[in-house]
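Working notes for the structure below.
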Amino acid sequence: MSSNVDHAKLQARVRQVSRAMGYHGGGLRLEDVSAEGHVKLRFVGMCSGCPTRVLCGAHTVTPAVLQIDGVQCVDLPGARISDEARARFASAFDPPAA
């Protein structure tokens, strides 16, 4: 694992998010960090088979990890979501038109 990513901050963030997911019996594991800042994570425990892991990955895990300096993208197998689906989900929280 060598890159411009602050590994201590990344590991702390993964532990923080994983701890919250632990209340549901699951969590995250940091698998790899490439030299280009690509972070590979894996859902573990109950999260590995959870039907809402796609939303959790897209709207909780990925944004939290992308806040770490040097992280360029997050690979989370089993939680891929299209840009169109992400936009539809996000629009559900838009304020109603006046």
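The values are calculated or read from the model by the stated rules, or taken from the named source; none is laboratory data. For clarity, every value in this text was computed on a predicted model and none was experimentally measured. Here Cβ is always computed from backbone atoms with ideal geometry, including for glycine, and neighbour counts include all displayed protein chains.
For segment 75-91: of the residues being modelled with pLDDT of 80 or more and either touching a strand residue (DSSP E or B) at 6+ places or on another chain (Cβ under 9 Å) or among the β-branched types (Val, Ile, Thr) (or both), which is surrounded by the fewest Cβ atoms within 10 Å (Cβ to Cβ)?
Here the answer is Pro77.
Looking at (1) without any contact (Cβ under 8 Å) to a residue 24 or more places away in the chain; (2) in a strand (DSSP E or B), can you tell me which one Ala12 breaks?
(2)
Do we find a residue being in contact with a strand residue (DSSP E or B) (Cβ under 6 Å, 6 or more places away or on another chain), more than 13 Å from His7 (Cα to Cα) and assigned to a helix (DSSP H, G or I) anywhere in segment 48-64?
Quick first cut of segment 48-64, residues in contact with a strand residue (DSSP E or B) (Cβ under 6 Å, 6 or more places away or on another chain) only: 53, 62.
Remaining after also requiring more than 13 Å from His7 (Cα to Cα): 53, 62.
Next, from what is left, pick out any that are assigned to a helix (DSSP H, G or I): 53, 62.
Yes: segment 48-64 contains one or more residues that are in contact with a strand residue (DSSP E or B) (Cβ under 6 Å, 6 or more places away or on another chain), more than 13 Å from His7 (Cα to Cα) and assigned to a helix (DSSP H, G or I).
Given the criteria in contact (Cβ under 8 Å) with a residue 24 or more places away in the chain and of a type in the set (Ser, Thr, Tyr), does Ser34 qualify?
Criteria met by Ser34.
List pairs: first residue in segment 73-92 and touching a residue at least 40 places away in the same chain (Cβ under 8 Å), second residue assigned to a strand (DSSP E or B) and of a type outside the set (A, V, I, L, M, F, W, C) anywhere in the structure, Cβ distance under 7 angstrom, at least six positions apart or on different chains.
Once the first residue is touching a residue at least 40 places away in the same chain (Cβ under 8 Å) and sits in segment 73-92, no partner that is assigned to a strand (DSSP E or B) and of a type outside the set (A, V, I, L, M, F, W, C) comes close enough.
So Phe93 ticks every box in (1) touching a Phe, Trp or Tyr at 6+ places or on another chain (Cβ under 8 Å); (2) not in a helix (DSSP H, G or I) but one. Which box is left unticked?
(1)
State the number of residues belonging to segment 49-64 that are buried (at least 18 other Cβ atoms within 10 Å of the Cβ), out of contact with any helix residue (DSSP H, G or I) (no Cβ under 6 Å at 6 or more places or on another chain) and not hydrophobic (A, V, I, L, M, F, W, C).
2
So which of Met46, Met21 is in contact with a His (Cβ under 7 Å, 6 or more places away or on another chain) and either surrounded by fewer than 16 Cβ atoms within 10 Å (Cβ to Cβ) or in contact (Cβ under 8 Å) with a residue 24 or more places away in the chain (or both)?
Working: Met21 fails: in contact with a His (Cβ under 7 Å, 6 or more places away or on another chain).
After applying the criteria, what remains is Met46.
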